[in-house]
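Report on the following structure.
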Amino acid sequence: MKELVEYIARSIVNDPTQVHVAEVRGGATVHLELQVAKEDMGRVIGKRGQVASAIRALLEVAAAREGKQVTLDIVEPQ
């Protein structure tokens, strides 16, 4: 699932080298944190969060196939 988020994010952003995904597993739940360049935050979130919602929907389908639950947080760059 981490690879899926990385692939989608790198396809959307202008600077794919700044895409970082951290994964924390806890039993049947996987927590992912996506970090992109500050200039690309708007591209990943989208208008009214539509792009972020679409990414989360794809993740839910992928997780359901594996019998897991997944959460995705988009973290502001530091």
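The values are calculated or read from the model by the stated rules, or taken from the named source; none is laboratory data. All of these numbers come straight from a predicted model, not from anything done at the bench. As a convention, Cβ positions derive from the backbone with ideal geometry for all residues, glycine included, and neighbour counts pool all protein chains shown.
Of everything in segment 1-22, what is of a type in the set (A, V, I, L, M) and under 25 Å from GLU66 (Cα atoms)? Give them in sequence order.
Within segment 1-22, MET1, LEU4, VAL5, ILE8, ALA9, VAL19, VAL21, ALA22 qualify.
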Restrict the check to segment 54-70 and report whether at least one residue is touching a residue at least 12 places away in the same chain (Cβ under 8 Å) and more than 17 Å from MET1 (Cα to Cα).
no
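Got a sec? Which of GLU6, GLU66 is acidic (Asp, Glu), at pLDDT 95 or above and at negative phi?
From the options GLU6, GLU66, the qualifying one is GLU6.
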Given the structure, is ALA57 modelled with pLDDT under 95 and either aliphatic (A, V, I, L, M) or on the phi < 0 side of the Ramachandran plot (or both)?
no
With (1) within 9 Å of the chain's Cα centre (by Cα); (2) basic (Lys, Arg); (3) closer than 13 Å to VAL75 by Cβ as the list, and LYS38 as the residue in question, which single condition is left unmet?
(1)
Out of segment 1-29, which residues are out of contact with any Leu (no Cβ under 8 Å at 6 or more places or on another chain), within 16 Å of GLU60 (Cα to Cα) and either in contact (Cβ under 8 Å) with a residue 12 or more places away in the chain or of a type in the set (S, T, N, Q) (or both)?
GLU6, ALA28, THR29
If we only count strands (runs of 3 or more DSSP E) wholly inside the chain, which ones have 2 or more residues that are in contact with an Asp or Glu (Cβ under 7 Å, 6 or more places away or on another chain) and surrounded by 15 or more Cβ atoms within 10 Å (Cβ to Cβ)?
29-35
